[in-house]
1. GNM, the chain, Cα, under 10 Å: largest mean-square fluctuation among 154, 30, 73?
2. Could you tally the net charge around residue 72, taking each other residue with its Cβ under 12 Å from the Cβ of residue 72, Lys/Arg +1 and Asp/Glu -1?
3. Any idea how far the Cα center of segment 186-206 sits from the one of segment 237-268, in Å?
4. Would you work out the charge dipole size for the chain about its Cα centre, treating the Cβ of every Lys and Arg as +1 and the Cβ of every Asp and Glu as -1, and quote it to the nearest 20 debye?
5. For each pair in 187/217; 42/298; 187/298; 2/298; 243/298; 2/243, compute the distance between the two Cα atoms and list the pairs where it is over 25 Å.
6. Local charge sum around residue 202 (other residues, Cβ-Cβ under 15 Å, Lys/Arg +1, Asp/Glu -1)?
7. Considering only DSSP beta bridges whose two residues both sit in the chain, what percent are antiparallel, to the nearest 5?
8. Take the solvent-accessible surface of the protein heavy atoms, probe 1.4 Å, and return the percent of it on the chain that carbon and sulfur atoms account for.
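The values are calculated or read from the model by the stated rules, or taken from the named source; none is laboratory data. Not measured: the values here are computed from a predicted model. Neighbour counts are summed over all protein chains in view; Cβ atoms, including those assigned to glycine, are modelled from backbone coordinates with ideal geometry. The area values use the complete protein model at the heavy-atom level, side chains included, leaving out ligands, DNA and RNA. Shrake-Rupley method; radii C 1.70, N 1.55, O 1.52, S 1.80 Å.
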Amino acid sequence: MKHPRICVVGSANIDLTFRTPRFPQPGETLTGHALHQGMGGKGANQAVAAARLGADVTFIACVGNDAFGKTALDAYVAEGIQTSFVRRAADQPTGTAAILVDNNAENCIIVVAGANAGLNSRDVRAASSMVEQSHVVLCQLETPVDAAIEAFRLARDAGVLTILTPAPAEHVTDELLALCDVCIPNKTEICSLTGQTVNCEADAIRAAERLRERCVKRVALTMGSDGVLLLDDSGSTHIPAIKVDAVDTTGAGDAFTAAFATSLADGMSLTESAHRAAMVAAISVTRVGTQSAFPSLKEVNEWITLNVHE
Ligand code: ATP
Ligand code: RIB
């Protein structure tokens, strides 16, 4: 069987998830229910989620020369990810995220970039042959924008599909957007990129149209339990989210993006890919943690057998 080849350029973090009844007020100390330590970072999340779905994944990243960095690398290798282009920085700690998840499954996240901030265009060029042989290149912006621009330039020249998670949105540049074939923002990110808040479907279409005016070819706006709005030359399509009991939505966007990319690389249409990605993301929100929540291809197929009736 032919495997989709996906190259991911981006962050690797250790996620410390604190379960709490509600978010604290400034100056308040709250007692939480539980602590979960796992692997995260938007780049690593997308790499792991795609690998679990059967893709051949190359990850271009930078971790610290510390215990967290070793744990992260070992975990990626165990997922079958090509890690030759994950650099270990001598002088910086591995990126770390403190994540609060409340009883409504909402989250607040603080990320300290650490080694992620050192990823650069040389790191990407060192992996140029992997970028050029991929079906899809995925970038996010927890690592420097120069690395993402280099990856998208190499990909564009080689005819490889480029997909951007524009998070954090403050790092997005016009140069990067012009190299982007598909942009997958959430509601907060698209508001920051276009000035358009999203409270209803008409707002979502307006926001996606404004993003397309910034030279992005196709937009997949993720709206949590309100689903996804797709916009391309042929118009807009709303894909509803799948109804599940969510316990932790952290990384849902990354699960969605990885599944969307893998499906597009497999030859599915934009709409088919979004339906499949919505399933993968829905499964992930029913489980605690980030990478620990991402399903394998076998689990997705079992879920479809149990839940999808034609
Ligand atoms: P995160 O930053 O937490 O990784 P995000 O804000 O980037 O997530 P969302 O828009 O919240 O991404 O979610 C991405 C996709 O995941 C949604 O479009 C939807 O398909 C699915 N999803 C998210 N939350 C839920 C939910 N409560 N129920 C079902 N599906 C969900
Ligand atoms: O998208 C979720 C991710 O954001 C978490 O894994 C955390 O590490 C932050 O990067």
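1. 30
2. Values: positive: 70, 88; negative: 15, 66, 74, 79.
Around residue 72, the charge tally is -2.
3. About 19 Å separates the Cα centre of segment 186-206 from the one of segment 237-268.
4. Working: 24 positive and 35 negative charges, 74 e Å.
Computed charge dipole of the chain: roughly 360 debye.
5. On the way: 187/217 18 Å; 42/298 23 Å; 187/298 31 Å; 2/298 17 Å; 243/298 21 Å; 2/243 32 Å.
Pairs exceeding the cut-off: 187/298; 2/243.
6. Residues near residue 202 contribute -1 overall.
7. Values: 22 of 52 bridges.
Taking every DSSP beta bridge within the chain, about 40 percent pair in antiparallel fashion.
8. That fraction is 51 percent.
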